[in-house]
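**Q** After the structure tokens below, expect a handful of questions from me.
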Amino acid sequence: MKRKEKKDYISEIRRIKAEKNAIILAHYYQAGEIQDIADFVGDSLALSQKAAVNDADIILFAGVKFMAETAKILTPGKKVLLPDLDAVCSLADSCKEKDFREFIKNNPGRTVISYINTTAEIKALSDIICTSSNAVQIVDSLPKDEKIIFAPDRNLGNYVLNKTGRDMVIWNGTCHVHEEFSLEAILSLKDKNPDAKIIVHPECELPVRMVADYIGSTSALLNFTKSDNGNCYIIATEPGIIHQMKKQNPTKKYIPVPPKDSTCGCSECNFMKLITIEKIYRCLKNEKPEIFVDNKILIDAQKPIKRMMEISKKLGL
Ligand code: 13P
Ligand code: SF4
């Protein structure tokens, strides 16, 4: 049988979506062509808010597993699909349930705040979930004397610690994309583009955060390039976000930062990039792979995610 062309997959995706009352939620780190067919594109916080409130029967997540699991936890009655179950997250993977239980046991009396980039099992052990968009505000919303465990990203944790000055014990996890940005490359790009602003995701290492003109979540970086009066940006986060930046403001220049080990020269998240148009088509057509979460874990994980949503709503985030 003749292999379909990309445009055929795209029109089939549109047709099946309408037929099955399905929506596609895509993260900013997805390929541009996937962002363009999605019903909603956003950062982790906006995606979970959208997953919680929509009229679809099926949610297809163009993102990674922890995002699809969060959607399932928030809407257990819906069918949640992920086009490739290998699309996991190195950061979520750095925090295993058994080790985390031990960590909590060894640091008693602390409120457990976990980043949304965790498995459902870790969420179930947590008191509140946060994303990079609301981590500082979530921590700040707690009484000043409340002691905190923050997991799993040590860079985001240290960033939040510096901003809030709270008593925090931080899990030693990192994201393989954000810990690898080359400071040397950033400085050399800045030399060649002296008017450029360096904008950085808080998952980056301290030396990279130290040279930043602006630090923020993916949506915060996007908003910054929109409202800022500059014309050129050196960007230390996954380069998928540049697709939206260009759509918003095509005349500005956006320079992605390469990793330290620059053999491929790009800083793409290999998990995010496992999702393709063809896989989305097959997944929608066959309604699998589907995401399932054990019922007890789902119930326990719902509480801390809902707590995050309530705090975020109160703060207008
Ligand atoms: P955001 O919270 O900005 O969406 O980031 C998610 C992520 O995976 C960062 O690596
Ligand atoms: Fe996980 Fe890093 Fe990929 Fe984000 S960029 S999904 S934190 S591995």
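**Q** As I understand it, the dipole of the chain uses +1 on the Cβ of Lys and Arg and -1 on the Cβ of Asp and Glu, about the Cα centre. Which of Met67, Val257, Val112 lies farthest toward its positive end?
**A** In the chain, that residue is Met67.
**Q** Further question: Counting pairs of Cα atoms in the range 110-201, how many percent are more than 21 Å apart? Each step should come with its number before you reach the end.
**A** Numbers: 1639 of 4186 pairs.
It works out to 39 percent of all Cα pairs.
**Q** Using only alpha carbon pairs under 8 Å that are at least six residues apart, calculate the relative contact order of the range 84-210 and give it in whole percent.
**A** On the way: 182 pairs, mean separation 29.1, N = 127.
That works out to 23 percent.
**Q** How long are the three semi-axes of the equivalent ellipsoid of the chain, in whole Å, if each is the root of 5 times an eigenvalue of the C-alpha gyration tensor, listed from largest down?
**A** 29, 27, 17
**Q** A follow-up question, please. For every helix of n ≥ 4 consecutive DSSP H residues, a contribution of -39,500 (n - 2.57) applies; sum these over the chain, divide by its total residues, and give [θ] at 222 nm rounded to the nearest 500 deg cm²/dmol. Intermediate results must be reported in sequence, preceding the final value.
**A** Values: 15 runs with 139 residues, N = 317.
One gets -12500 deg cm²/dmol as the mean residue ellipticity at 222 nm.
**Q** Suppose every Lys and Arg Cβ carries +1 and every Asp and Glu Cβ carries -1, with no other charges. What dipole size does the chain come out with about its Cα centre, to the nearest 20 debye? Spell out each step's value before the answer.
**A** Values: 46 positive and 42 negative charges, 151 e Å.
Here the size comes out at about 720 debye.
**Q** Also, quick follow-up: Provide the net charge surrounding Val169, with neighbours chosen by a C-beta distance below 9 Å and charges set as Lys +1, Arg +1, Asp -1, Glu -1. Kindly include the intermediate steps, with their values, before the conclusion.
**A** Working: positive: Arg110, Lys147; negative: Asp167.
Once positives and negatives cancel, what remains is +1.
**Q** A follow-up question, please. If I model a spin label at Asp86 and Ala220 as a point 7 Å from the Cα along the Cα→Cβ vector, what separation in nanometres do I get?
**A** Placing both labels 7 Å beyond Cα along the Cβ direction yields 3.4 nm.
**Q** Output the peptides 56-67, 292-303 sorted from most to least packed, where packing is the average of other Cβ atoms within 10 Å over each peptide's residues.
**A** On the way: 56-67: 24.3, 292-303: 16.1.
Sorting 56-67, 292-303 by mean packing, highest first, produces 56-67, 292-303.
**Q** Any idea what log10 I(q)/I(0) is at q = 0.11, 0.13 Å⁻¹ for the range 50-151, Debye with uniform C-alpha scatterers and no solvent?
**A** Reported log10 I(q)/I(0), two decimals: -0.38, -0.52.
**Q** Modelling each spin label as a point 7 Å along the Cα-to-Cβ direction, I'd like the Glu33/Glu287 distance in nm, to one decimal.
**A** Between Glu33 and Glu287, the simple spin-label model gives 2.8 nm.
**Q** Considering only protein heavy atoms and a probe of 1.4 Å, how much of the accessible area of the chain is carbon and sulfur, as a whole percent?
**A** Working: 7150 of 14190 Å².
In the chain, the share of accessible area belonging to carbon and sulfur is 50 percent.
**Q** Now a separate question. Taking a 32 Å limit on the Cα-Cα distance, which of the listed pairs Lys4/Lys296; Lys6/Lys192; Lys226/Lys296; Lys17/Lys313; Lys253/Lys285 fall beyond it?
**A** Lys4/Lys296; Lys6/Lys192; Lys226/Lys296; Lys253/Lys285
**Q** Under the definition of Cα pairs under 8 Å and six or more residues apart, what whole-number percent is the relative contact order of the range 53-137? Before the final figure, lay out each step's value.
**A** Details: 103 pairs, mean separation 21.1, N = 85.
Here the relative contact order equals 25 percent.
**Q** Sort 230-237, 99-106, 72-79, 134-141 by the packing proxy (mean of other Cβ within 10 Å over each peptide's residues), most packed first. Spell out each step's value before the answer.
**A** Numbers: 230-237: 21.9, 99-106: 13.9, 72-79: 18.0, 134-141: 20.2.
Highest mean packing first, the order is 230-237, 134-141, 72-79, 99-106.
**Q** Right, another one. Calculate the FRET efficiency for Glu102 and Asp57 from the Cβ-Cβ distance with a Förster distance of 41 Å, rounded to the nearest 0.05.
**A** Values: r = 41 Å, r/R0 = 0.99.
For R0 = 41 Å, the calculated efficiency reads 0.50.
**Q** Please work out the Kirkwood hydrodynamic radius for the range 8-98, using every pair of different C-alpha atoms, and report it in angstroms with one decimal place.
**A** With all distinct Cα pairs of the range 8-98 included, I get 13.5 Å.
**Q** Estimate the FRET efficiency between Ser227 and Glu19 by the formula 1/(1 + (r/R0)^6), using the beta-carbon distance for r and 35 Å for R0, to the nearest 0.05. Before the final figure, lay out the partial values.
**A** Details: r = 40 Å, r/R0 = 1.13.
Computed FRET efficiency for Ser227 and Glu19: 0.30.
**Q** Related question: How big is the charge dipole of the range 140-206 about its Cα centre, in debye rounded to the nearest 20, if each Lys and Arg gets +1 on its Cβ and each Asp and Glu gets -1 on its Cβ?
**A** Values: 8 positive and 12 negative charges, 35 e Å.
Dipole about the Cα centre, nearest 20: 160 debye.
**Q** Then there's this: Could you order the peptides 154-160, 23-29 from most to least packed, using the average number of other C-beta atoms within 10 Å per residue? Kindly include the intermediate steps, with their values, before the conclusion.
**A** Numbers: 154-160: 23.4, 23-29: 25.3.
The densest-packed peptide leads the list: 23-29, 154-160.
The values are calculated or read from the model by the stated rules, or taken from the named source; none is laboratory data. For clarity, every value in this text was computed on a predicted model and none was experimentally measured. Cβ coordinates were reconstructed from backbone atoms using ideal geometry, including for glycine residues, and neighbour counts include every protein chain displayed. Side chains are part of the model used for accessible areas, which takes the heavy atoms of the whole protein and leaves out ligands, DNA and RNA. Shrake-Rupley method; radii C 1.70, N 1.55, O 1.52, S 1.80 Å.
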